[in-house]
Amino acid sequence: MAAKKAPKKTAAKKAAPKKAAAGTSGSVSAKTNKPSIKKPKIRPPQAIVVDKFAPTFPVADVEKALKWYKEVLGFNVAFRQADPTGAIVYGGVTRGAARLHLAQMFPDGPLKKSAAYLFMKSGVDELAAQVYARGGNIIVPLKDHPYGLRECTVEDPDGNHIYVGQPVE
């Protein structure tokens, strides 16, 4: 009788690493069976430099608000943004370095009011006179304050406040 040959011993096969789930980078951790995420490369530190700042006021009608800021406060219309129906729902105005964005508030919620400060180098009295002459509403008249600013408060048609001031001369 012929002797049976013993089966050959084979090395245990290594399990192939699992692929990461779609949308992730790296591979799947053998310990946790979860995708491993590679850390982003760290850039050298950079200075924090602010270029511009634009507060956003809520308004009932962006087109009307853009017109008011142009005609009453002398701002320039910088841009308009429409929704898919063509209605203007966002816009921006500028005057010198000042920037202000205007956002459409929808009727399903209350119109929230906001405020911003317009710092001027000069001409606050002339701007206040312009606002009065063009039908704007100054709710706090021009006054010199002990903290060194001459200011007034203008209210736009949506109830937002623009504090306008310059250093007392």
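Some points to look at:
- Residues located in region 88-147, provided they are part of a strand (DSSP E or B), among the β-branched types (V, I, T) and under 20 Å from Q166 (Cβ atoms): V93, T94, I138, I139, V140
- Search result, residues across region 96-138 that are without any contact (Cβ under 8 Å) to a residue 40 or more places away in the chain, within 21 Å of V59 (Cβ to Cβ), out of contact with any Leu (no Cβ under 8 Å at 6 or more places or on another chain) and surrounded by 11 or more Cβ atoms within 10 Å (Cβ to Cβ): N137, I138
- Among residues of region 69-81 that are touching a residue at least 60 places away in the same chain (Cβ under 8 Å), those with a Cβ under 7 angstrom from a residue that is part of a loop (DSSP other than H, G, I, E, B) and small (G, A, S), sequence gap 6+ or separate chain, pair up as V72/G135; V72/G136.
- Number of the exception - E63 against (1) assigned to a strand (DSSP E or B); (2) free of Cβ contacts under 8 Å to residues at least 60 places away in the same chain; (3) surrounded by 13 or more Cβ atoms within 10 Å (Cβ to Cβ): (1)
- Tally of residues being among the hydrophobic types (A, V, I, L, M, F, W, C) and farther than 16 Å from K70 by Cα across region 118-163: 9
- Answer residue from region 148-169, given it is part of a strand (DSSP E or B) and charged (D, E, K, R) and is nearest to the chain's Cα centre (by Cα) among those: E155
- In region 139-163, of all residues being crowded, with 18+ Cβ neighbours inside 10 Å and among the acidic types (D, E), the one that is farthest from K112 (Cα to Cα) corresponds to E151.
Quick note: the coordinates plus some simple rules give every number you see, no bench work behind them. Computed from a predicted model, the values in this text were never measured in an experiment. Note that each Cβ is placed from the backbone with ideal geometry, even for glycine, and that neighbours are counted across all protein chains shown.
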